[in-house]
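Every read-out reported here was derived from the displayed coordinates using simple, explicitly stated rules and does not represent laboratory data. Predicted model only: the values in this text are computed from it and were never measured. All Cβ positions, glycine included, derive from the backbone under ideal geometry; neighbour counts span all protein chains shown.
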Amino acid sequence: MLTIIIILLIIIIIFSAKYPWWLPTKKGLIVLMYHHIYKYDDTCDLEKALYVEPEIFSKQMDFLLKHNYNPITLEELSKSYKDGTFKLPKKSILITFDDGWLDNYTNAFRILKERNIKANVFVACNYIEQKNCMTWKHLKEMKDSGLISFGSHTINHPTDIQTLSDEDILKELKESKQKLEENLNITIDCFAYPSGAGAINKKIRQMVFDTGYLFDFSTKRGITNFKWNKEKAINRLYIKQGYTLFDFYLLITKGKNSF
């Protein structure tokens with residue numbers, strides 16, 4: 001009996017050293033980050049981790065609803081900031097997609113509509129109308145549904161925006177904002193750094209705010225303090241292929257799924 005207890009204790013210690021299940025629930029703004037909602041196959045161009053299968057995505061969305069999370073839009077976040085209240089529904093969560101891939105419309109949007117779930121897309125403007133990417137028609141349909149809002153992800157999705165000249169950085173920031181606002185007849189207040197590059201660069205962050213954005217989003221894993229003060233870009237939880245619902249649970253409650 002003693003042997004069994006010792007073995008069980010060892011298993012618990014090893015499990016607890018890998019998974020942060022025992023940490024207290026982290027409060028703050030939860031932001032999920034997706035790229036593709038598509039079953040990875042030989043035709044896919046990007047790394048495998050970027051592809052979450054539609055069936056898995058559906059289960060993750062069902063998990064949020066079952067546990068009373070409240071998906072919100074970037075517009076709702078902006079409004080709470082502009083009125084100075086930061087008042088958002090209990091258990092608010094932002095579901096975001098980066099780049100503007102076609103499967104965000106064909107798969108993710110379909111799943112979201114079936115469940116009446118709000119979400120957000122950070123669009124790289126020069127991806128629009130390109131192969132395997134969404135069209136303006138898709139974006140307008142998503143906007144008109146009332147479920148999807150949009151943010152900027154630059155014009156050309158530079159691998160590292162920090163390597164560009166100041167002039168080119170401003171062009172990426174300004175033109176993407178302007179293009180989305182003019183074509184979708186909306187206000188773009190939010191910006192996500194491609195690949196997360198520039199999110200800790202004070203000069204570039206100031207350029208983002210000077211261009212008229214209210215919020216900037218990084219790719220750093222974590223949950224951000226609800227009353228955001230612009231000290232750091234907003235963290236996001238990168239949802240990758242292969243994550244179980246246990247991983248998903250740990251991310252949205254502890255801010256990380258492993259040590």
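Find which of 125, 78, 164 sits farthest along the positive direction of the dipole of the chain, computed with +1 on the beta-carbon of Lys and Arg, -1 on that of Asp and Glu, about the Cα centre.
78
Given a cut-off of under 8 Å on Cα pairs at least six residues apart, what relative contact order in percent is computed for the stretch 43-102?
Details: 27 pairs, mean separation 18.3, N = 60.
Across the stretch 43-102, relative contact order equals 30 percent.
Report the FRET efficiency, 1/(1 + (r/R0)^6), for residue 48 and residue 227, where r is their Cβ-Cβ distance and R0 is 35 Å, rounded to 0.05. Walk me through the numbers on the way to the answer.
Working: r = 37 Å, r/R0 = 1.06.
Once the sixth-power term is evaluated, E becomes 0.40.
Filter 82/143; 143/171; 27/179; 140/171; 87/174; 79/113 down to the pairs with a C-alpha to C-alpha distance above 31 Å, please.
In this structure, 27/179 exceed 31 Å between Cα atoms.
Charges at C-beta only: +1 for Lys and Arg, -1 for Asp and Glu. How large is the resulting dipole of the chain about its Cα centre, in Debye rounded to 20?
Numbers: 36 positive and 30 negative charges, 260 e Å.
Roughly 1260 debye for the chain.
So what's the back-of-envelope 222 nm ellipticity for the chain, counting only DSSP H runs of four-plus at -39500 (n - 2.57) apiece and dividing by all residues, rounded to 500? Spell out each step's value before the answer.
Numbers: 8 runs with 92 residues, N = 259.
Helices in the chain give a 222 nm mean residue ellipticity of -11000 deg cm²/dmol.
So what is the relative contact order for the chain, in percent, with contacts set as C-alpha pairs under 8 Å and at least six apart? It would help to have the intermediate numbers written out before the result.
Details: 454 pairs, mean separation 60.0, N = 259.
Relative contact order comes out at 23 percent.
Classify the stretch 35-175 as rounded, prolate or oblate from the Cα gyration tensor: take a ≥ b ≥ c as the square roots of its eigenvalues, call it rounded if a/c is under 1.5, otherwise prolate when a/b beats b/c and oblate if not.
On the way: a/c = 1.83, a/b = 1.12, b/c = 1.63.
Oblate, because a/c is 1.5 or more while a/b does not exceed b/c.
The chain: Rg/Rh from Cα coordinates, Kirkwood Rh? Mind dumping the intermediate values first?
Numbers: Rg = 19.1 Å, Rh = 19.2 Å.
Using Cα coordinates only, the ratio equals 1.00.
By how many nm would the segment from residue 83 to residue 116 grow when fully extended, if each residue of separation counts as 0.36 nm and the alpha-carbon distance is taken off?
Values: separation 33, 0.36 × 33 = 11.88 nm, distance 2.63 nm.
That pair, residue 83 and residue 116, stretches by 9.3 nm at full extension.
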